[in-house]
1. Of all residues in region 450-473, count the ones that are under 20 Å from A531 (Cβ atoms), at pLDDT below 95 and not in a loop (DSSP other than H, G, I, E, B).
2. Take the conditions in contact with a His (Cβ under 9 Å, 6 or more places away or on another chain) and closer than 27 Å to R693 by Cα and apply them to S398. Does it pass?
3. For region 611-641, name all the residues that are farther than 22 Å from V587 by Cα, open to solvent by 40 Å² or more (accessible area, probe 1.4 Å) and either without any contact (Cβ under 8 Å) to a residue 40 or more places away in the chain or not in a loop (DSSP other than H, G, I, E, B) (or both).
4. Say whether the condition of being farther than 22 Å from R428 by Cβ and not acidic (D, E) is met by at least one residue in region 236-247.
5. Is it the case that region 692-712 has a residue that's open to solvent by less than 70 Å² (accessible area, probe 1.4 Å) and under 26 Å from G468 (Cβ atoms)?
6. Identify the residue in region 642-667 that is of a type in the set (A, V, I, L, M, F, W, C) and free of Cβ contacts under 8 Å to residues at least 60 places away in the same chain and, among all such residues, is farthest from V571 (Cα to Cα).
7. Restricting the search to region 571-605, which residues are of a type in the set (S, T, Y) and open to solvent by less than 20 Å² (accessible area, probe 1.4 Å)?
8. Hey, does region 401-424 have a residue that's in contact with a strand residue (DSSP E or B) (Cβ under 6 Å, 6 or more places away or on another chain) and among the polar types (S, T, N, Q)?
Amino acid sequence: MTKRQDTKKFFENLSGAGKSIGVLTSGGDAQGMNAAVRAVVRMGIYVGAKVYFVHEGYQGMVDGGDNIEEASWESVSSMLQVGGTVIGSARCKEFRSHEGRLKAAHHLVQRDITNLCVIGGDGSLTGANLFREEWSGLLEELVQQGLIDEQAAQNNSELHIVGMVGSIDNDFCGTDMTIGTDSALHRIIEVVDAIMTTAQSHQRTFVLEVMGRHCGYLALVSALACGADWVLIPEMPPEDGWEEQMCQKLSENRADKKRLNIIIVAEGAIDSHNKPITTDHIKELVVSCLGFDTRVTILGHVQRGGTPSAFDRILASRMGVEAVLALLEASASTPACVVSLCGNQAVRLPLMECVQMTQDVQKAMDEKNFEEAVRLRGRSFENNLNTYKLLSYRKADSELPNSSFNVAVLNVGAPAAGMNAAVRSAVRVGITEGHKMFAVNDGFEGFYKGQIKEIKWGDVGGWTGQGGSILGTKRTLPAKHLDKIAEQIRIHNINALLVIGGFEAFECLLQLYEARTSHEDFCIPMCVLPATISNNVPGTDLSIGADTSLNAIVETCDRIKQSASGTKRRVFIIETMGGYCGYLASVGGLAAGADAVYIYEEPFDIRDLQSNVEHLTEKMKTGIQRGLVLRNENSNENFTTDFIYQLYSEEGKGVFDCRKNVLGHMQQGGAPSPFDRNFGTKIAAKAIQWISRKLKESYKEGKVFANTEDTACLLGMRRRAMVFQPVVQLKDQTDFVHRIPKEQWWLKLRPLMKILAKYKTSYDVSDSGQLEHVTRVRPKKVD
């Protein structure tokens with residue numbers, strides 16, 4: 001046994017027997033809250049605890065009675081795909097008073113509930129913390145008033161609290177994403193995409209107001225994701241004279257063959273004198289200054305509604321399970337914590353540190369210290385802001401640095417939603433850095449045939465929202481055409497390459513790197529950006545396009561589950577894409593609430609199939625009479641989708657009937673999700689900045705010469721950071737036969753899916769459990 005396995009910590013050792021957990025949603029609702037409630041209830045029951053719903057937030061706790069109700073496994077069925085919160089939420093004045101909290105404590109003690117999981121915004125979480133600090137005092141009062149006896153006070157002497165942040169504004173410090181933010185972005189982008197078609201027809205300007213009283217996250221990210229002309233957010237008030245600047249930019253864009261303008265305004269937008277900037281004020285400005293036909297659309301509560309996105313369901317499910325683990329491990333000395341997301345990792349942070357930092361942002365803004373406010377918002381917000389600044393303002397040619405470098409961009413492999421956003425970002429950042437940008441059509445096939453032409457700022461307008469690959473993409477690898485490709489590099493004097501694509505793109509770069517010994521033309525900086533729905537590229541946790549594909553899978557599974565619920569006793573077998581990589585099937589299964597998922601990475605045999613059938617037979621005896629089984633297309637060459645369908649049909653005779661569904665290429669198409677637009681935009685900007693650095697470093701005696709490992713890299717997201725990794729170093733981490741990385745982080749999510757589907761399983765929790773601290777971003781530079 002290796003040392004690593006000895007130190008692994010499994011949660012079988014954590015028992016919830018004899019414990020009671022209360023779960024409540026409080027404050028404004030957010031899509032994904034239900035997924036969090038479901039995860040808390042099922043994980044709680046799974047470890048042997050009793051779990052109670054507290055209906056209507058703190059109001060229900062204060063009122064007691066039927067508002068506090070024991071939850072069962074079945075009671076959270078079918079709520080994963082529902083927006084809002086099924087257990088209700090309310091803003092409660094009474095809980096703010098001492099008497100209200102005394103009543104609440106009494107109602108909890110009556111049911112021995114000493115563990116609370118609170119899903120809400122910073123107000124709700126601050127309230128929970130105060131409640132915990134007063135707990136022992138409240139119990140003493142209840143004993144004095146004769147409402148509870150000494151024994152009850154002793155049994156319930158400690159109150160443990162874990163929070164999850166549910167808020168569409170993403171206004172909570174310490175977490176990259178709050179539950180509901182991604183879904184709200186989906187609503188906004190759906191509206192913007194729809195508005196763009198009508199604006200295009202009439203050459204109109206649209207002013208859109210999105211939510212965010214104190215936080216500009218939604219406005220900023222949606223502006224990035226749709227390529228808006230101007231954005232106004234509370235954290236970055238425009239400088240005096242912004243009105244003229246804005247109008248100038250709008251008219252320049254019109255002159256540049258653009259038929260429409262989009263301006264996005266956060267509801268809390270202010271100018272540098274703290275005066276509100278309203279949508280009507282902007283409309284009047286545009287009309288009086290430019291005479292453009294202008295319309296205002298206020299999105300309002302649409303942003304809070306609708307079904308949660310795949311991202312929010314997975315986020316909330318991971319957080320819910322993590323919250324129960326945190327409650328089981330809590331002791332008298334551990335502070336109340338929040339479970340949150342940092343990069344791609346679940347972390348626990350002290351609740352009051354996060355609340356304090358969130359309040360500091362507001363304080364900094366009130367004091368007009370806006371740079372500080374942006375810094376406190378965290379790195380995710382700061383990155384978005386910097387990328388927006390890079391892309392939004394087109395400098396005049398005279399202002400640009402003249403680098404005299406030529407950079408080529410191409411797509412390789414199968415199309416993935418978000419590729420075009422990445423190309424647009426690369427082209428515009430490249431131009432801003434002073435390079436000449438070249439677009440290559442149809443991958444390396446187009447490259448060796450000479451389909452290479454210069455691409456300008458205006459050529460990529462409106463690309464962010466387009467699915468597929470506008471440049472065209474092919475799976476052709478360069479190895480057979482090295483001489484011709486080298487010749488084209490010479491003809492067009494290409495000094496650097498940016499390849500956006502899937503596993504093939506990684507292979508292409510490896511081949512070019514290895515050909516450097518025989519062809520000096522390939523001694524130039526080269527970078528791969530992972531873009532594939534399968535998410536099977538080594539060196540990165542996530543690929544551009546995978547999120548869009550997950551949403552397509554989850555949406556279809558929702559419809560199929562609905563159909564199965566209507567007919568009763570029906571099991572659907574669904575086949576997903578992904579090659580040998582089980583990412584789409586596994587993560588899609590977690591987000592859609594699947595009963596079983598078959599993938600290549602986790603071998604299965606006839607006994608596993610048998611036990612899954614028995615599991616479904618048992619399930620049909622309960623109130624939930626439907627089943628959902630996902631199978632990755634290459635999970636097993638003999639247990640095909642047809643085979644599994646026939647086996648289930650035969651074994652389930654008289655208990656349930658079966659249907660099968662192959663999702664096919666619908667998983668590859670469609671408009672990119674906000675996440676993919678944003679991810680593509682940000683990593684392409686980062687890649688071009690890296691290329692600029694490498695070009696400067698390798699420019700000697702009038703030419704570029706780069707032959708070291710670190711000049712042929714893949715830019716990927718690893719746990720919490722974006723990292724450039726030499727492709728040659730990723731070779732050992734890759735299974736080339738099955739085209740997958742040897743180690744894949746998401747396999748850790750599979751036990752979650754099994755637990756939530758009521759299977760006994762082993763779950764490695766060595767990654768979680770340590771309480772971390774909020775990092776105050778970089779201290780000020782000392783002079």
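The values are calculated or read from the model by the stated rules, or taken from the named source; none is laboratory data. As the structure is a prediction and not an experimental result, all values here were calculated from the model. As a convention, Cβ positions derive from the backbone with ideal geometry for all residues, glycine included, and neighbour counts pool all protein chains shown. Note: areas computed on protein heavy atoms with side chains; ligands, DNA, RNA excluded. Shrake-Rupley method; radii C 1.70, N 1.55, O 1.52, S 1.80 Å.
1. Residues that pass the stated criteria total 2.
2. no
3. E614, E618, K621, N638
4. Taking every residue of region 236-247 in turn, at least one turns out to be farther than 22 Å from R428 by Cβ and not acidic (D, E).
5. Checking region 692-712: not a single residue is open to solvent by less than 70 Å² (accessible area, probe 1.4 Å) and under 26 Å from G468 (Cβ atoms).
6. Step by step, filter region 642-667, then rank; the result is F643.
7. Filtering region 571-605 down to residues of a type in the set (S, T, Y) leaves 576, 580, 583, 586, 598, 600.
Hits for region 571-605 are T576, Y583, S586, Y598.
8. Yes, because at least one residue in region 401-424 is in contact with a strand residue (DSSP E or B) (Cβ under 6 Å, 6 or more places away or on another chain) and among the polar types (S, T, N, Q).
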